[in-house]
Amino acid sequence: MSRLLAGLCGLALILLLCVAADAAGGDDDAARPQARLVVKGTTDHSEVTDIIAAFMKRNPEVLVQYSKVLSTELFDDAVKYPTAKGAADVIWSSSMDLQIKFANDGYAAEYRSPEAEGIPAWARWKDRAYGITAEPVVIVYNKRLLREGLVPKDHADLLRLLTDHLAVFRGKIGTYDPEISGTGLLFITQDVRITAQTWKLVAAMGRAGVRLFASSDPMIDRVGSGELLLAYNVLGSYALERAKREADLGVIFPSDYMLLLSRIAVIPQAAAQPELARRFLDFMLSQNGQSLLASHSLGSVRDDMKPAIPGYAGAAKALRPIALNIDLMTYLDQAKRQRFLKDWKEYLQPR
């Protein structure tokens, strides 16, 4: 069913972009698409339509087919069926660990993008994987229901508030469930890498009866409705987009440290359109491409483009980018994953 839905979504976008291509090309047959570039990713269609339309306008002979696919399915299909009809020419995923595994296991083509000089070292891996975005991991709260003195400034402050005002937050906070969410596991393991104090925060959330979720959107929904007062480790791109439309949503950039996630793009060795794939990757990394992504709160990864987000600049010194390296694969090892989750569950038990 998930594959069928993904296919239907991809078809819908093809039809949408065909209209865009016709508008760009008019009646000039030479401008009509002659080649198809297949891009598969985990990013919502609404966030990529602008950059795809812009790429097609610059390359009127190309029709881009974009499909949103679950990260594990995206990885499995690319490894098991690399030359199947409709296989991806570009894979773009927020599952950083699986993307690095794909590249490390030899499935990604090597390509030195001319835009690479504008990209920080942490966002590149052996010219086989490129971080396309720089998205803060944030805390979201309800501005209407949570008074100013109870709004945390950083991780240590959140721990203090959960300890000193337990009754206020009991049953009213949420975070990712790392047992079912790869993104949630990535965030909490990165937290622990940065500071062992994270376990004290996990224990405090456990005492407060934290509610666990598989993704950011339902957490943001419940904070916005007032069902939750606060959600921890939410993907900033989603939170910032929602905060533009919902006055009750507040976004906190932790001042002690702030994780940065990047959606990683790779070009499969078996890509049917490798030259077009390289061209599309270059455009995503260019200033124009990054500006289009940034307009949807998918922060720019370029060194020469700083995000115009209120409150972000002040936290910039605390940024902790999740670097593209083989350390990301640590918890793909099932034994290590299970040991970590065992600790997680033990700390989460109210004491």
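The values are calculated or read from the model by the stated rules, or taken from the named source; none is laboratory data. As the structure is a computational prediction, the values presented were derived from the model and not from experiment. Cβ sites come from the backbone with ideal geometry, for glycine too, and all protein chains shown count toward neighbours. Heavy atoms of the whole protein, side chains included, go into the accessibility calculation; ligands, DNA and RNA do not. Shrake-Rupley method; radii C 1.70, N 1.55, O 1.52, S 1.80 Å.
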Flagged in region 108-119 as open to solvent by less than 20 Å² (accessible area, probe 1.4 Å) and within 21 Å of Asp304 (Cβ to Cβ), in numbering order, are Ser113, Ala116, Gly118, Ile119
Being closer than 19 Å to Ile100 by Cα, of a type in the set (S, T, N, Q) and at pLDDT 95 or above narrows Ser286, Ser262 down to just Ser262
If you go through Leu17, Leu4, Leu13, the only one that is under 24 Å from the mean Cα position of the chain (by Cα), at pLDDT below 95, open to solvent by 50 Å² or more (accessible area, probe 1.4 Å) and of a type in the set (A, V, I, L, M, F, W, C) is Leu4
Filtering region 218-236 for residues that are in contact (Cβ under 8 Å) with a residue 60 or more places away in the chain, out of contact with any helix residue (DSSP H, G or I) (no Cβ under 8 Å at 6 or more places or on another chain) and not in a loop (DSSP other than H, G, I, E, B) leaves a count of 3
With the first residue restricted to region 189-209 and required to be in contact (Cβ under 8 Å) with a residue 40 or more places away in the chain, and the second required to be among the basic types (Lys, Arg) and open to solvent by 10 Å² or more (accessible area, probe 1.4 Å), Cβ contacts under 8 Å at 6 or more apart or on different chains are Gln190/Arg320; Ile194/Arg320; Ala203/Arg351; Gly206/Arg351; Arg207/Arg351; Ala208/Arg170; Ala208/Lys172; Gly209/Arg170
Glu275 being free of Cβ contacts under 8 Å to residues at least 24 places away in the same chain, surrounded by fewer than 21 Cβ atoms within 10 Å (Cβ to Cβ) and touching a helix residue (DSSP H, G or I) at 6+ places or on another chain (Cβ under 7 Å): no
Pairing a residue in region 322-337 that is crowded, with 16+ Cβ neighbours inside 10 Å with any residue that is of a type in the set (Asp, Glu), where Cβ atoms lie under 8 Å and the two sit 6 or more apart in sequence or on different chains, gives Leu328/Asp97; Met329/Asp97; Tyr331/Asp97
Of those in region 178-202 that are out of contact with any helix residue (DSSP H, G or I) (no Cβ under 6 Å at 6 or more places or on another chain) and within 24 Å of Asn142 (Cβ to Cβ), the residue surrounded by the most Cβ atoms within 10 Å (Cβ to Cβ) is Ile188
Over region 43-102, the set of residues open to solvent by less than 10 Å² (accessible area, probe 1.4 Å) and among the aromatic types (Phe, Trp, Tyr) is Phe55, Tyr66, Trp92, Phe102
| message | Regarding region 55-73, can at least one residue be identified that is under 21 Å from the mean Cα position of the chain (by Cα) and of a type in the set (Gly, Ala, Ser)? | response | yes
Per the filter on region 275-288, residues of a type outside the set (D, E, K, R), assigned to a helix (DSSP H, G or I) and farther than 13 Å from Ile91 by Cβ are Leu276, Phe283, Leu285, Gln287, Asn288
Among helices (runs of 4 or more DSSP H) completely within region 120-199, the ones holding 2 or more residues that are modelled with pLDDT of 95 or more and of a type in the set (D, E, K, R) are 155-164, 182-194
